[in-house]
Amino acid sequence: MGRDRIVIGNWKMYKTSREAADYIEHLAKKIEGCSTRVYLAVPYTSIASASNTAKQSGILIGAQNMNDARDGAFTGEIAAMMLKEAGADFVILGHSERRRIFNESDEFIHRKVIRALSDDLQTVLCVGETGAEREEGKTEEVLLRQIESALQDVPDKAHEKVILAYEPVWAIGTGKTATAQAAQEAHAYCRKCLEQIFGKRKSGHISILYGGSVNPDKVKEIVKQKDIDGVLVGGASLDPDTLAAIIHQCEGKR
Ligand code: 13P
């Protein structure tokens, strides 16, 4: 289907802008010549300097969240156009830490997705079940609800700017990576959900990434799977050498 390999590092609330610049210079050297597309979701305060440093390298810089409003009296929030102006090319939305710790609803995430896409930011939509939901056999139900609610009414052609990330909550930051087979099954189901929304042709161009305790030892088996187009990496992305090792493991023909 010709989908690119993508590796996204999600730094969460780590690294100052100075650390970001050093990191990016180091990473860029380590991955010179790689064909995998590399994205870094950095803290807001690092977006401007990180995107400047990353310019020649092809690494894309983005944010980890945003508000759905164009602008307004929302103390402490940030708008899509501000992220764009600072140099962001993409934004992560619906991360389980936002859903769980900050009580973000499916409806709020949907409004953010529409805003991000309308303001021309690539959108990395995160979905995934909790451990309890998996044990209760509700994985598919949760994925369908999260995907359908977030991606309904997406403007025409905007699907081209969507990346989906399957991140089972029980695998995030726990060291419990999903088996390649379990991840593939969930990804195949996510692809079915995308097909229902966008049709086979359009959805075939949407990349689906796996996230949850990805490390250089596990990644190769994961990205070998048919419906897994790359990975979204948290903890292991904080060290540029480790992220470079993950990127190298992802290289090769799809
Ligand atoms: P870990 O790789 O630390 O499990 O985090 C995954 C994640 O939340 C990426 O968005």
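The values are calculated or read from the model by the stated rules, or taken from the named source; none is laboratory data. What you see is a predicted model; the values in this text were computed from it and never measured. Neighbour counts are summed over all protein chains in view; Cβ atoms, including those assigned to glycine, are modelled from backbone coordinates with ideal geometry. What goes into the accessible areas is simple: the full protein's heavy atoms, side chains included, and nothing from ligands, DNA or RNA. Shrake-Rupley method; radii C 1.70, N 1.55, O 1.52, S 1.80 Å.
Evaluated over the Cα positions of the stretch 73-217, the convex hull gives a direction-averaged projected area, one quarter of its surface, of 9.6 nm². Computed with a 1.4 Å probe over protein heavy atoms only, the accessible surface of the chain comes to 47 Å² per residue. The lysines whose alpha-carbon is closer than 16 Å to the alpha-carbon of residue 161, local same-chain residues fewer than 8 away aside, are 84, 112, 202. The alpha carbon convex hull volume per residue for the chain rounds to 116 Å³.
Taken along the Cα-to-beta-carbon direction at a fixed 7 Å, the label points for residue 176 and residue 152 span 3.2 nm.
Of the solvent-accessible surface of the stretch 107-254, computed with a 1.4 Å probe and all protein chains present, 48% belongs to carbon and sulfur. Give the calculated FRET efficiency between residue 145 and residue 73 to the nearest 0.05, with a Förster radius of 35 Å applied to their Cβ-Cβ distance. Step by step, r from the Cβ atoms, then E = 0.65. Restricting the GluC sites (Glu not before Pro) of the stretch 9-117 to loop positions (DSSP other than H, G, I, E, B) with no more than 11 neighbouring Cβ atoms within 10 Å leaves 32. Relative to the globular-protein estimate of 2.2 N^0.38 Å, the Cα radius of gyration of the stretch 149-224 stands at 1.19.
The stretch 6-40 and the stretch 159-189 have their alpha-carbon centroids 21 Å apart.
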